[in-house]
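Below: one structure, written as structure tokens.
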Amino acid sequence: VSKWRELYQEIRTGIASGQIPAGTKLPSTRDLADERKLSRSTVITAVDQLTAEGFLESRPGSGTYVALGAGGPGKLSFSSPRRFASGGTTAPGARQEGGLIDFRSGQPDLSCFPWSRWEKAERQARLKYGSDLLRYAKPEGLPGLRAAIASYLGRVRGLSVDPERLLVCNGTTQAISLLADIFASVGVHTVWLEDPVTADIVEIFRGRGLGIHRAPVDDQGLMTTELEPGGAGGWAGHVCFVTPSHQFPTGAVLSLNRRVQLIENFQTEGAWLIEDDYDSEFRFDGPPLATLASLDPSRVVYIGTFSKTLAPGLRTAYIHLPESLVERGRQGKWRNDLHNVPLIQAALAEFLDRGYYDLHVRTMRKLYQRKRDLIRETFRDHIPGAVFTGDSAGLHGRVILGHGMVDQPFLDRCQKVGVRVYPVAAHAAEPSRGRQDFILGYGHLSFEEIIEGLGRLRRALEG
Ligand SMILES: Cc1ncc(COP(=O)(O)O)c(C=O)c1O
């Protein structure tokens, strides 16, 4: 057992048993390191992990405290198997049958879901709205949630958001389905997609009978020079779907020049851009670049989701629509499923308003950055045959093999040693793209699983 984990276990057990009561101030990491004869980074790792899991909370300018409601004998927040089933940061299901370590992308660390804060938010929402939460509601979403999202996007993304133009949806997946319908109804005939792109997204647009064009991605994101309107109508009738903050799956960030070029191309009546900002919260080297939506709010449809920051099972995402599409959006949502579940919406609004969301995102960002650093360093120092790339962001990166292909024999070798990775080529239209690359998702895996998984991967790479 690593040293940080020993310390982590000791503090966690102390909190759970009630020996270290809620509200207790922890010694500084420096004092703790001196007292235990540990390195400061070991102590910081343990404290960060406990903070991420909600046992400790950091009060800026004051220190680190045992979180209120975090422990004590019999407390749900500690004893609940749903949080700590495996005694670590392993999300249930991450360690699969036969001990397989699955580097699937886009999975947040659900063992850190802030249950006690969520329960508080939910209780408050019930007190505030009572049985209104059980009635039919408006398709666009609860006003309180839309206001909270607008304020969040202003604060964190510098976006000027009108809550009246927000549409709350069941995930980005539904957002894209609704947009495909809306665009088909206003005369759009062609959708430009990044190549590679999440395979489901292609299917959704294709299913609406829209023509699909793909443009390649390099280390600066979508290659905008490869977009060609064709025909006499110019860009009218064209939509381009992009993931500028963190291209899925390559991990590239769209450069500012290309953002400007996209905006210039699509600043035409009848042309639109869809900006999928699915994990911009997790940038590790400073704030993300300006959104496309802030460069041209009239032509850009902006989508955000709570799937990566909180949990995909909440099925909550939102679209910020240009004024001219708001009514179609509401009608489409109403026709689709009337509205999202009011109870979840109201709890989420409280969660945002109380500052719990910002706190959780900050904590998770630190945790994911540490996981990413661990992976990057392990590849650099111990896996000479492959390079871990992708910008310093998100819950996944891309691995490029020095030689050899990510083909069936390689995947079979991975399977045999008990590790699963995902070929980039599965998301590509052009078969030659990304054949030496695979996606490595790490959000949901514990540090131990990452180390074990990378060891197995090395064995698979060695043949
Ligand atoms: C590109 C992209 N955007 C958004 C999402 C999130 O989808 P949802 O909000 O439906 O959970 C995903 C899921 O993996 C994705 O790959």
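Tell me, what is the per residue accessible area of the chain in Å², probe radius 1.4 Å? List each step's numbers first, then the result.
Values: 19410 Å² over 463 residues.
Normalised by residue count, the accessible surface of the chain is 42 Å².
Report in % the part of the accessible area of the chain that belongs to carbon and sulfur, leaving out ligands and nucleic acids; probe 1.4 Å. Present the calculation step by step, with values, prior to reporting the outcome.
Working: 10010 of 19410 Å².
Carbon and sulfur: 52 percent of the exposed surface of the chain.
Which percent, nearest 5, of DSSP beta bridges in the chain are antiparallel? Intermediate values should be presented prior to the final figure.
On the way: 28 of 48 bridges.
Around 60 percent of the beta bridges assigned by DSSP in the chain are antiparallel ones.
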Exercise for the section: Just read off the accessible area of Arg40 with the full protein assembly in place, 1.4 Å probe, to the nearest 10 Å². Expected result: 100 Å²
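With a cut-off of 8 Å between alpha carbons and a minimum separation of six or more residues, what is the relative contact order of the chain in percent?
On the way: 842 pairs, mean separation 89.8, N = 463.
Once normalised by length, the contact order is 19 percent.
What number, rounded to the nearest 500 deg cm²/dmol, is the helix-based mean residue ellipticity at 222 nm of the chain, given -39500 (n - 2.57) per DSSP H run of at least four residues and division by all its residues? Walk me through the numbers on the way to the answer.
Details: 16 runs with 189 residues, N = 463.
Theoretical 222 nm ellipticity from helices: -12500 deg cm²/dmol.
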Practice task
Quote the relative contact order of segment 384-463 in percent (integer), defining contacts as alpha-carbon pairs under 8 Å separated by 6+ residues.
Solution key: 33 percent
Problem - In Å, descending, principal axis extents of the Cα set of segment 284-348 - result: 37, 31, 16
Fill in the blank from the handout: Taking a crude spin-label model, label points 7 Å out from Cα along the C-beta direction, the Glu462 to Gln408 distance in nm is 2.7 nm
Practice task
Kindly list the residues of segment 22-38 that lie in the label zone of Ser62, defined by a backbone N under 13 Å from the point 7 Å along the Cα-to-C-beta vector.
Solution key: 23-26
Fill in the blank from the handout: For Leu127 the rounded accessible area (nearest 10 Å², probe 1.4 Å, non-protein molecules ignored) is 140 Å²
Fill in the blank from the handout: segment 309-463: relative contact order from alpha carbon pairs under 8 Å, six or more residues apart, as a whole percent, is 19 percent
Handout entry: Three principal axis lengths of the chain [C-alpha, angstrom, descending]
Key = 74, 61, 38
Completion exercise
Per the rule of 0.36 nm per residue minus the C-alpha distance, extending Arg362 to Ala147 adds in nm 75.3 nm
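For segment 172-281, report the translational diffusion coefficient in µm²/s to the nearest whole number, using Stokes-Einstein at 20 °C, 1.002 mPa s, and a Kirkwood Rh over Cα pairs.
On the way: Rh = 13.9 Å.
Reported coefficient: 154 µm²/s.
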Fill in the blank from the handout: Cα-Cα pairs in segment 314-463 separated by more than 21 Å, as a whole percent of all pairs, come to 59 percent
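For a 26 Å ceiling on Cα separation, which of these pairs sit above it: Lys3/Lys25; Lys308/Lys366; Lys333/Lys366; Lys25/Lys366? It would help to have the intermediate numbers written out before the result.
On the way: Lys3/Lys25 22 Å; Lys308/Lys366 14 Å; Lys333/Lys366 36 Å; Lys25/Lys366 21 Å.
Listed pairs above 26 Å: Lys333/Lys366.
The values are calculated or read from the model by the stated rules, or taken from the named source; none is laboratory data. Here the structure is a predicted model, which means the values were calculated and not measured. Cβ coordinates were reconstructed from backbone atoms using ideal geometry, including for glycine residues, and neighbour counts include every protein chain displayed. Accessible surface areas use protein heavy atoms only, side chains included; no ligands, DNA or RNA. Shrake-Rupley method; radii C 1.70, N 1.55, O 1.52, S 1.80 Å.
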